[in-house]
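A.B. asks: The structure that follows is given in the form of structure tokens.
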Amino acid sequence: MESLTGLRAGSESGRFTFEATPELCVPGMFVFGGATASAVVEAIEATCERPLAWVTTQFQRRVEPGTTVELTVTKDVERRRLVQCRVEATVEGETVVRALGAAAERAPDPLTWGDGMPSVAPPGECRPLAFREGWMAGGFPSRFEWRLASGRLFADADPGPNEDGRASVWVRWPGHGLGDAASQAYFSDLGMATADSAVADAGRGGVSIDNTLRMVATEPTGWMLLDCSMRAHVGVAHVEIAVWAESGALLGLHTTTALHGRG
């Protein structure tokens, strides 16, 4: 699938770069954390030559638009079926992201337990997500089509809290497919948006401290469903996201820690 970040391989193994273009940014601000996480996943899979199994990404500094992000992947442990590695992303020599991950062959028919995909209307029957003014003028939301399946997100122009802390949204990239590990990682940062709409004084915005993706499967899909659930708030928010293909297959499991306000 086409790279969501325009990631480029360097001349040395394990070295990559991408440009922090406005279309990767939270409108008018900084690079969307999910975009950086997506680049990390691409870099891991390319270096390890295996599908991603798991990755946790810690955001240390905001990435400003117009900069070049350099990624270095180091393989720490190599086994027959699995490679464990770490990734450091820098801008002008300053670390902005650190990540740990593993790549491993997956069984072709994954076994899953628990509830299936949420009972929501298909994307064609859901209303378009009405973003607040300015959000679709540029930045990462404008690249995608969004259909709100349940609840509300932070950027929804229709105000109101998520009293149960949950929201689900269909997303597609017109003209492209989704469903690989990098595209799942890209949307992992939406957990913060759900958390902000679930607590008192919603609307302040905030930043993700980290997010973790545990891969279940990859499947080409036009639409992905992101089922976001606020699990706890202890001064920071703990959010879970299950990622589903349009077919109903579970693709991945995310967790995010989010800090409200501008700290």
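FYI, it's all coordinate maths here, none of it is from the lab. None of the values given here were measured: they were computed from a predicted structure. Cβ coordinates were reconstructed from backbone atoms using ideal geometry, including for glycine residues, and neighbour counts include every protein chain displayed.
A.B. asks: According to the square roots a ≥ b ≥ c of the eigenvalues of the Cα gyration tensor, what is the shape class of the stretch 56-148, taking rounded for a/c under 1.5, prolate for a/b larger than b/c otherwise, and oblate for the remainder?
C.D. replies: oblate
A.B. asks: Any idea what the dipole of the stretch 1-93 comes to, in debye rounded to 20, about its Cα centre with Lys/Arg Cβ at +1 and Asp/Glu Cβ at -1? Display every interim value, and only then the final one.
C.D. replies: Values: 10 positive and 13 negative charges, 88 e Å.
The calculation lands at about 420 debye.
A.B. asks: Right, something else. Show log10 I(q)/I(0) for the chain at q = 0.15 Å⁻¹, two decimals, from a solvent-free Debye sum over equal Cα scatterers.
C.D. replies: -1.08
A.B. asks: Hey, another quick one. For the chain, set up a Gaussian network in which alpha carbons nearer than 10 Å are linked by springs, and say which option among T221, T112, T74 fluctuates the most.
C.D. replies: Result: T112 has the largest fluctuation of those listed.
A.B. asks: Here is a follow-up. Which parts of the stretch 14-51 would a label at E92 reach, counting a residue when its backbone N lies under 17 Å from a point 7 Å out along Cα-to-Cβ?
C.D. replies: Answer for the stretch 14-51: 18-21, 30-31.
A.B. asks: Can I ask one more? Once every Cα of the stretch 1-155 carries one equal point scatterer and solvent is ignored, give the base-10 log of I(q)/I(0) from the Debye formula at q = 0.18, 0.20 Å⁻¹, two decimals.
C.D. replies: Cα-only, vacuum Debye calculation for the stretch 1-155: -1.12, -1.19.
A.B. asks: Note down the magnitude of the dipole of the chain about its Cα centre, charges +1 on Lys and Arg C-beta and -1 on Asp and Glu C-beta and zero elsewhere, to the nearest 20 debye.
C.D. replies: 340 debye
A.B. asks: Under a crude label model (7 Å from the Cα following the beta-carbon direction), how far is T112 from S247 in nanometres?
C.D. replies: 1.1 nm
A.B. asks: Starting from 0.36 nm per residue, how many nanometres of slack lie between V77 and R214 once their C-alpha separation is accounted for? Walk me through the numbers before you get to the answer.
C.D. replies: Numbers: separation 137, 0.36 × 137 = 49.32 nm, distance 1.88 nm.
Contour length minus the Cα-Cα distance gives 47.4 nm.
A.B. asks: Which residues in the stretch 37-63 have a backbone N closer than 20 Å to a point placed 7 Å from the Cα of S13 along the Cα-to-Cβ line?
C.D. replies: It comes to 40-53, nothing else.
A.B. asks: Could you give the length gained by full extension between R143 and R50, i.e. 0.36 nm per residue of separation minus their alpha carbon distance, to one decimal place? Present the calculation step by step, with values, prior to reporting the outcome.
C.D. replies: Details: separation 93, 0.36 × 93 = 33.48 nm, distance 2.83 nm.
This chain segment gains 30.6 nm when fully extended.
A.B. asks: Further question on the same structure: Can you give me the P(r) profile for the stretch 79-128? Cα pairs, bins 10 angstrom wide beginning at 0, each as a whole percent.
C.D. replies: So the P(r) values, bin by bin, are 16, 20, 23, 29, 11.
A.B. asks: In the Gaussian network model of the chain, springs joining C-alpha atoms below 10 Å, which of D115, D180, D164 carries the largest mean-square fluctuation?
C.D. replies: Judging by the Gaussian network model, the answer is D115.
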